[in-house]
Structure formats: C-alpha cells, structure tokens
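The values are calculated or read from the model by the stated rules, or taken from the named source; none is laboratory data. Everything numeric here is computed off the predicted structure, so don't read it as measured data. All Cβ positions, even for glycine, are placed from backbone atoms using ideal geometry, and neighbour counts span all protein chains on display.
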Amino acid sequence: MSSEPISPLARLLAAADAWALATGKPRSTLSSRATGSGKTIALPNPTLATLEKFARFLSDGGNWPEGRVPQVAVDFAHVVGISADEAAVSAGNESGLSAREAAA
C-alpha cells in the first residue's frame, strides 16, 4: 500500500508554518522576506523559481531563531532541488521542549 506523494506546495506550507511558529511571525512576513511580496505564499500554483526562493530562504539557518533548520524545511528544499547547509540542520529536539519553553 503506497501513500500519495506530498506536493511541493504542501511541503512549502508545512515549512512556512514551522517558520511562523518558530519566529512568531505570519506567513506573509516569510513571503516578503523570501520573495519580496507578502502575497506570494498565498498563490495556488507557485512557479519552480518561486519555490526555489522559499527553499533557499527556509534552508538557511540564519533565517531561523536558533540557527537550526527543521527537518520539514530541509525536506522541502530537497524536493525543490536546494541543498540545506548541513551545519544548520537541526539534529532534533531530544528534550521535547519548544525553544520558548526551554528559555522559560
């Protein structure tokens, strides 16, 4: 039994949600920073060039609060054809605490 493949758009939105949760900023801010337009994230059929812009942004540890790229963003970038910086890839969260919980 095989499962349906996850579309690049669905992967983008999952990575965007992870970024929004990590930064406390809306998807539109991510869209503005990655593409120059806050509305791009809402397009139903983004071009490959647009997906690549998001993938480059989301796979860069400098765009994440703790400098660690979560696996969902790495997976999205990989599907789009962008390689994440291995040094910035998160090794996981062994504590089970969010960054905010750990800081408290």
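Kindly indicate the residue of the stretch 43-71 that is acidic (Asp, Glu) and over 10 Å from the mean Cα position of the chain (by Cα) and also farthest from ALA14 (Cα to Cα) among those meeting that condition. Per the criteria, the residue is GLU66.
Filtering GLY92, GLY61 for residues that are of a type outside the set (Val, Ile, Thr), over 14 Å from LEU30 (Cβ atoms) and at pLDDT 90 or above leaves a single hit, GLY61.
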